[in-house]
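A.B. asks: Can you keep this structure in mind? I'll have questions shortly.
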Amino acid sequence: MPTSTTSGLNILGTYPIINKQMSSIDDNGVETLSYAFTVKTADVYKYVPSKDDEYYGPNGEMVPPSSFFDPSTSSLRSKYLVTSVSIDNLNGGLTQIVVNTAGTKNSDTPPKIRLLPNYPLIFGLKGVTPDETYGTTYEINIGNGGSRTGFGVMLTFITKNTIEAEVGIYTSLSNKLMPPSFRDAKLPTPNRQPFYYTSPANPEPQSSQTVSFTSQYFGFICGETTYTKIGGVIVFQLIYREMGSAYSSICPTTGGACETNTLYNFN
């Protein structure tokens, strides 16, 4: 059995000597596993993995032990990949290595949902933005058109760090209408559903012009998709915001070119 002395202490055991193993899980469900262990300095590079290597301990485990995961969640677990490695040379020809890995036992955790200010307001969200009582068909179908008085809806959630998962999120959610729920979590409810509206060309009183209005409301659309890869996990952030436009057209009753005015255009 090898024996070495460092800082006045005798270290006994078969290398690598495990000093500490730590685990923590953040709010999104990303688990960080850290391994601190001591080896002979001469053998240090035998124990140093590369970034993004699959890793489950200092004895070179490249697959998780059979007891590492709950079999009932095996389809949801991700790989645990190396995020960083630090090396600290000690006295007595020894070196301490700390390997940090990240992954998850459940890649289907519920999303975190936040409302963000300073987004466009057309009709807004139920219970958050008042559903205005409009007096005319025109008002019902045009909306507010406030540039920075509404809310965006941000979803933060994780997936496995795979090309299939990454492409799947972009295909199913990016640039799409906000769903009523995601992973069993209820999302905010919009005051209006998407529609297209064109009003009749009504003559203005005592005028030789007619006025009509056109609006198209797309609803809350995922217009911003960002992600961060952390070991075996991807953390996605999706932001939904109201998209739509409204225009007025003024046309002379005697014929000729019409004048089109943009009331708002949030696309």
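A.B. asks: Mind checking which residues of segment 123-171 are among the basic types (Lys, Arg) and either farther than 21 Å from residue 265 by Cα or free of Cβ contacts under 8 Å to residues at least 24 places away in the same chain (or both)?
C.D. replies: Hits for segment 123-171 are 126, 160.
For (1) over 27 Å from residue 155 (Cβ atoms); (2) at pLDDT 95 or above; (3) not hydroxyl-bearing (Ser, Thr, Tyr), each residue gets a yes or a no:
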site: 183; (1), (2), (3): no, yes, yes
site: 186; (1), (2), (3): no, yes, yes
site: 189; (1), (2), (3): no, yes, no
site: 194; (1), (2), (3): no, yes, yes
site: 199; (1), (2), (3): yes, no, no
site: 210; (1), (2), (3): yes, no, no
site: 213; (1), (2), (3): yes, no, yes
site: 218; (1), (2), (3): no, yes, yes
site: 226; (1), (2), (3): no, yes, no
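A.B. asks: Of all residues in segment 134-149 being in a strand (DSSP E or B) and small (Gly, Ala, Ser), which is surrounded by the most Cβ atoms within 10 Å (Cβ to Cβ)?
C.D. replies: 146
The values are calculated or read from the model by the stated rules, or taken from the named source; none is laboratory data. Just so it is clear, the structure is predicted and the values come from calculations on it, not from any experiment. Every residue, glycine as well, gets a Cβ built from its backbone with ideal geometry; the counts of neighbours run over all protein chains shown.
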